[in-house]
Amino acid sequence: MTKIHATTVIAILHNGEVAIGADGQATLGNTVAKSNVKKIRKLSNGKIITGFAGSTADAFTLLERFEEKLNAFGQNMKRAAIELAKDWRTDRYLRRLEAMLITATKDEILMISGTGDVIEPDNGVAAIGSGSMYAQSAALALKKHAPQLSAEEMVRESLHIAADICIYTNHNLVIEQVQ
């Protein structure tokens, strides 16, 4: 799977809740270009939430394509993700896009990559971006050792831990819950 630098996005399914969050930092090389970018988008009247990592322009292109697929396949997130991944892998223009997506409904989380991968995590935690392994590790520990926390609280704490470690991740967070 492609490794995308310069952000952290995480989604957690826990105790019947799904929350997804991201930091707000955008970088150009080794310089912070903006500190309050919104990398989380609500689709389908808040029933589907997406987060992106990678080039912002590329991510917006993918989000538009994903929304088109949702409309074409009756708001079926999994089907739309698979169809987007097929296009992404075979379309010459899309193949050059450098971004990844996490999509979530109230029941499931998917990661979509440009190599044609659509992954539904076994453990209810999906993370992308440069700080993804820090956030994912924190989330797995929280699910195991602090199960009383809500999905939103776990996302918040996982992102703060990633921001303390990853120089491409900041503490300006946007967190949404699937309705």
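The values are calculated or read from the model by the stated rules, or taken from the named source; none is laboratory data. Worth saying up front: this structure is predicted, and the values here are computed from it rather than measured. Note: ideal-geometry Cβ built from the backbone for every residue, glycine included; neighbour counts use all protein chains shown.
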Practice task
Can you confirm whether segment 5-17 contains a residue that is crowded, with 20+ Cβ neighbours inside 10 Å, at pLDDT below 95 and outside any strand (DSSP E or B)?
Solution key: yes
Practice task
Return the total of residues in segment 33-63 being touching a residue at least 60 places away in the same chain (Cβ under 8 Å), surrounded by fewer than 19 Cβ atoms within 10 Å (Cβ to Cβ), closer than 25 Å to C166 by Cα and not small (G, A, S).
Solution key: 2
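Here's the yes/no breakdown for (1) touching a strand residue (DSSP E or B) at 6+ places or on another chain (Cβ under 9 Å); (2) within 28 Å of A139 (Cβ to Cβ); (3) charged (D, E, K, R):
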| site | (1), (2), (3) |
| --- | --- |
| L62 | yes, yes, no |
| F73 | no, no, no |
| I82 | yes, yes, no |
| A85 | yes, yes, no |
| T90 | no, no, no |
| T103 | yes, yes, no |
| K106 | yes, yes, yes |
| V118 | yes, yes, no |
| V125 | yes, yes, no |
Practice task
Please list, ordered by first then second residue, the pairs with beta carbon atoms under 6 Å, 6 or more apart or interchain, first in segment 64-87 and in contact (Cβ under 8 Å) with a residue 12 or more places away in the chain, second among the small types (G, A, S) and assigned to a loop (DSSP other than H, G, I, E, B).
Solution key: A85/G116
Exercise for the section: Might you let me know whether segment 148-164 holds any residue that is in a loop (DSSP other than H, G, I, E, B), in contact (Cβ under 8 Å) with a residue 24 or more places away in the chain and closer than 30 Å to D91 by Cα? Expected result: no
Problem - Positions within segment 134-146 being over 30 Å from R96 (Cβ atoms), of a type in the set (A, V, I, L, M) and assigned to a helix (DSSP H, G or I), in sequence order - result: A138, A139, L140, A141, L142
Handout entry: Top-ranked residue of segment 84-112 - restricted to ones that are among the hydroxyl-bearing types (S, T, Y) and crowded, with 19+ Cβ neighbours inside 10 Å, ranked as farthest from I165 (Cα to Cα)
Key = T105
Fill in the blank from the handout: Only unsatisfied item for A141, checking (1) among the aliphatic types (A, V, I, L, M); (2) in contact with a Lys or Arg (Cβ under 9 Å, 6 or more places away or on another chain); (3) surrounded by fewer than 24 Cβ atoms within 10 Å (Cβ to Cβ), is (2)
Handout entry: Search result, residues across segment 18-32 that are more than 14 Å from the chain's Cα centre (by Cα) and either more than 16 Å from I167 (Cβ to Cβ) or surrounded by fewer than 23 Cβ atoms within 10 Å (Cβ to Cβ) (or both)
Key = A26, T27, L28, G29, N30, T31, V32
Exercise for the section: Spot the failing condition for L149; the list is (1) over 10 Å from A22 (Cα atoms); (2) of a type outside the set (D, E, K, R); (3) under 18 Å from the mean Cα position of the chain (by Cα), and only one is missed. Expected result: (3)
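This table checks each residue for (1) surrounded by fewer than 17 Cβ atoms within 10 Å (Cβ to Cβ); (2) within 11 Å of I10 (Cα to Cα).
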| position | (1), (2) |
| --- | --- |
| G114 | no, no |
| D122 | yes, no |
| V125 | no, yes |
| S158 | no, yes |
Exercise for the section: Report yes if V118 is in contact with a Lys or Arg (Cβ under 6 Å, 6 or more places away or on another chain) and among the hydrophobic types (A, V, I, L, M, F, W, C), otherwise no. Expected result: no
